[in-house]
Structure formats: structure tokens, C-alpha cells
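J.: Below are the C-alpha cells for one structure; questions will follow.
The values are calculated or read from the model by the stated rules, or taken from the named source; none is laboratory data. These numbers were taken from a predicted model, which means no experiment stands behind them. With ideal geometry, Cβ positions are generated from the backbone for all residues, glycine too; neighbour counts draw on all protein chains shown.
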């Protein structure tokens, strides 16, 4: 008999979580102004808001954390991280930051100006926010197939090279500071990008003299998909694939809270020493000295170890098979999601579930609230709220994809929890015809509104 798949770890520590009643959840979400970010953690049973900083560190990471060097300048922890970034990712220069959006802030404060064009494959919320806050334009050049949730493609998050070249031709080189390639493509449903597309995107950028920035928050998951789906890579290690992927980039921004499996940390890495030196000013101003940025020595040590563990095949296989397991339950129940299953999350196609809720009433947010009310499960809207308003017209932008993201923290929940999630979603799906109204906005910030937005039920 062939042995079944099992997790590549055993559990050494547990944290109690509490179930709640429907009545409690009704009161809590109303008090939170129907914003799931405003809920207290003890009001949530299974927390799928994000996979960012919510994973479980290993015993080796905890050991590394205890050996952190907290020297203000030149700490040994910095050099441990420097060595890991050089050996695993292939970059000689980097600046530590407290998380990924801080890395974007350091970079874009240096290279971006008003009126610039930044093409990319579905910029995520903070990336687009940093660009548009500086009165520049974030242009989506994702392949059209990404908008068809039921279409099965092995690399559905790719850059459309025709769209990208048209964008690069449309402006002078000095007005395009970089192109952003996100691997995996979070906004498009956690979908990967092939090595071929990464290489060809890089070649096109360099043809026009434009820098390629890789948003590598989930680079290791992307490498896993290349290994398992792209011809010629089955026999290569995750670390070998990682080195090749990132060799095509001039810059890498990293939220280390994802694939490096730490609770806090990030960095921006460079090939060019001159650009690294230019960015140092904003690192010092906004994060801290260049050898710690926004991180403690403890965090840098844990991150160095996490980069190593996060690029091991067994770690990634365990992680991605759990997402696939949840997807198999959704398939069983007929629940529509962005296919195939993403690397870090399942993205439910909200308009295919709540067919009677008008788009103006925030379909994906409505579905997220229904799932919370059903079982205390917290997801996040990847749709109209996240898309923000058009910076010129101030009208709501309605994206092609209106998704409820269920992001699975790494090494945190068991498949029993996945069973609960699937059953709760089935219950919502079974009563979907009863949900006819959504929510309206009562208060919002001008940029990245979804984090702090306030809502009320539509009447």
C-alpha cells in the first residue's frame, strides 16, 4: 500500500482558540463597522485574514531568535541575514525593513515621481497605494485569462508581454522607474508565473532600459509551481529555481512574513550598488540604520533561518497540499473559486456565489461577513474595497475579479480546520439565494481604505 501524504513537521506548542455564538458574532461585527480588520483576535475562531506574519516559526527559528545580536550597528544578525540573501536569493546589496510595504516605501521614495508609469501584473494593495499616493500610475498588464476564474491554466498570474511592451513604448524611459512582477500573483488569486514569463519580462524590460522589480513575498511558492508544472525544472531544487528566478530581477522587495515564515520583517534587495546607496537615506529616515532597518537582531536571525526553511521542498509541499485539500472540499460542494488553487490561499468568486447582491454593495465583502457570521472564520475582500477609488474621478473602481480570499497561515492549522472552513462555506453557499443586499461605505481613507473602512448594511 502506498503511504498517504502527511505533514513534514510535528507540533511542539499549541494555542487555544475559542468558538463563539452567532449572536456574539452579530454584535461583534456590527461594533466593528462591518470591517473584519476591526475584529479582536479572540472574536475569531479560524483566522484566514492573511498569511502575512501569522505562520508558526520552527524550533530552529526560535533558537536563532534567542541568539539575536541587538547591536545598533554592525550586528552579527545583520551579517547572518546578508549571507542568507546572498546565498539563497543571489543579491549582494539589501536594506532591512520592518515589512514589505516599508520596503516599497524606501524604494519608491527614491525612484518614483509624480506622473510616472509603473506597469505590473496586478499590483497588490500596498504597491498600488505607494504608487498612487505619489501621483503615479499603476498599470495592470496581467494576462486576460486571469479574469476567468473557472479556466485552468498552470501559470495564470503572468505578465502579458504585449500589454507590457505597449506600455514601455508609450513613455520615455525616465518616466518608467521600474516594472513590478509579483510572484505569485496575489491579486489574481495566488497564481504563479512561469520561469519563461519571468525571463521574457526581464528581457523586455532591459530592451527598453527599465528596471525589473520582483515582489517576492511568495517567491518560494512560485518556485514550487515552476518545479511541479514547468518543463525542465522537475529535477531542480527549490533553491536552484529560486536563484534563477531572481537572477532576472534588478530589485527585489520582500515581505518576509510570508515565505520566510517570520512574524515581522522585510527587505529590499539590489543588484546595483549605486541604487542601494541612494535608497539608504530613506531607510535611515523611515526605518532605522542600514544594518537593522526596522528589524531587531532577533528578527533578522529568525528571518535568515526562515529563508532556508521556506525554500525546502517538503515545507512547500506540506503548505500547498493543505490549500489543495481545501480546494478539493470546495470542488465536492460546488463552490466556485479561482482555479487552479493558489499557493497561499483560495479565492472564492464572490459574484458567482452572491448573484443577487449589486456590485455597488460590495459583493466580496458581503460574502466575507456571511462566512464570519456562519462560523467565526475571518477572510478578506480582494475586490472593490481593495481596488480603491480612481485617483482622478474618485469613483469606485470595479475590478474584473471580485474575490473573497481565504489565506492559510503556514504550519498553523490542521486539515480538520480546513474541513470546518469548507463546511461553513457550503452552508453559506446553500443559503446564497437569501442574501440579496450588501453594504455601503460610511467612512474611508483616500488610500488603502480597506484596512480602516467603516460600513453599514445597505437598505
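J.: Kindly check whether there is at least one residue in segment 404-427 that is free of Cβ contacts under 8 Å to residues at least 24 places away in the same chain and in contact with a strand residue (DSSP E or B) (Cβ under 7 Å, 6 or more places away or on another chain).
T.: No, the conditions are met nowhere in segment 404-427.
J.: Please return the ranges of strands (runs of 3 or more DSSP E) entirely within segment 80-142 where 3 or more residues are under 16 Å from residue 177 (Cβ atoms).
T.: Passing ranges, in order: 117-120, 137-140.
J.: Right, next: So which residues in segment 412-451 are at pLDDT 95 or above and either outside the structural domain of residue 337 (by TED's automatic domain parsing) or assigned to a loop (DSSP other than H, G, I, E, B) (or both)?
T.: Hits for segment 412-451 are 412, 413, 414, 431, 435, 436, 437, 438.
Rundown of residues vs (1) under 24 Å from residue 228 (Cα atoms); (2) at pLDDT below 95; (3) surrounded by fewer than 20 Cβ atoms within 10 Å (Cβ to Cβ); (4) in contact with a helix residue (DSSP H, G or I) (Cβ under 6 Å, 6 or more places away or on another chain), yes/no style:
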{"site": "115", "(1), (2), (3), (4)": "no, no, yes, no"}
{"site": "120", "(1), (2), (3), (4)": "no, no, no, no"}
{"site": "132", "(1), (2), (3), (4)": "no, yes, no, no"}
{"site": "144", "(1), (2), (3), (4)": "yes, no, yes, no"}
{"site": "151", "(1), (2), (3), (4)": "yes, no, yes, yes"}
{"site": "158", "(1), (2), (3), (4)": "yes, no, no, yes"}
{"site": "178", "(1), (2), (3), (4)": "no, no, no, no"}
{"site": "186", "(1), (2), (3), (4)": "yes, yes, no, no"}
{"site": "190", "(1), (2), (3), (4)": "yes, yes, no, no"}
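J.: Consider residue 391 against the criteria (1) within 30 Å of residue 106 (Cβ to Cβ); (2) buried (at least 20 other Cβ atoms within 10 Å of the Cβ); (3) outside the structural domain of residue 80 (by TED's automatic domain parsing): it satisfies all of them except one. Which criterion is unmet?
T.: Of everything listed in (1) within 30 Å of residue 106 (Cβ to Cβ); (2) buried (at least 20 other Cβ atoms within 10 Å of the Cβ); (3) outside the structural domain of residue 80 (by TED's automatic domain parsing), residue 391 misses just condition (2).
J.: Does segment 221-243 contain at least one residue that is touching a strand residue (DSSP E or B) at 6+ places or on another chain (Cβ under 8 Å), outside any helix (DSSP H, G or I) and not assigned by TED's automatic domain parsing to the domain that holds residue 344?
T.: No, that holds for no residue.
A quick yes/no check of all residues on (1) over 18 Å from the mean Cα position of the chain (by Cα); (2) closer than 30 Å to residue 438 by Cβ; (3) not assigned by TED's automatic domain parsing to the domain that holds residue 411:
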{"position": "33", "(1), (2), (3)": "yes, yes, no"}
{"position": "37", "(1), (2), (3)": "no, yes, no"}
{"position": "46", "(1), (2), (3)": "yes, yes, no"}
{"position": "70", "(1), (2), (3)": "yes, no, yes"}
{"position": "75", "(1), (2), (3)": "yes, no, yes"}
{"position": "83", "(1), (2), (3)": "yes, no, yes"}
{"position": "95", "(1), (2), (3)": "yes, no, yes"}
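J.: Scanning segment 160-173 for residues that are surrounded by 15 or more Cβ atoms within 10 Å (Cβ to Cβ) and assigned to a loop (DSSP other than H, G, I, E, B), which turns out modelled with the highest pLDDT?
T.: Among them, the one singled out is 160.
J.: Residues that are touching a strand residue (DSSP E or B) at 6+ places or on another chain (Cβ under 8 Å) and either within 23 Å of residue 84 (Cβ to Cβ) or modelled with pLDDT of 95 or more (or both): does segment 317-325 have at least one?
T.: Yes; the residues of segment 317-325 include at least one that is touching a strand residue (DSSP E or B) at 6+ places or on another chain (Cβ under 8 Å) and either within 23 Å of residue 84 (Cβ to Cβ) or modelled with pLDDT of 95 or more (or both).
J.: Quick check on my filter: what residues within segment 15-44 are buried (at least 19 other Cβ atoms within 10 Å of the Cβ) and assigned to a loop (DSSP other than H, G, I, E, B)?
T.: 34, 35, 39, 44
J.: Of the conditions (1) assigned by TED's automatic domain parsing to the domain that holds residue 38; (2) in contact with a helix residue (DSSP H, G or I) (Cβ under 7 Å, 6 or more places away or on another chain); (3) surrounded by 18 or more Cβ atoms within 10 Å (Cβ to Cβ), residue 336 fails just one. Which one is it?
T.: All conditions are met except number (3).
J.: Checking the structure you have, find out if any residue of segment 361-370 is more than 26 Å from residue 127 (Cβ to Cβ), surrounded by fewer than 16 Cβ atoms within 10 Å (Cβ to Cβ), in the same structural domain as residue 320 (by TED's automatic domain parsing) and touching a residue at least 60 places away in the same chain (Cβ under 8 Å).
T.: Scanning segment 361-370 turns up no residue that is more than 26 Å from residue 127 (Cβ to Cβ), surrounded by fewer than 16 Cβ atoms within 10 Å (Cβ to Cβ), in the same structural domain as residue 320 (by TED's automatic domain parsing) and touching a residue at least 60 places away in the same chain (Cβ under 8 Å).
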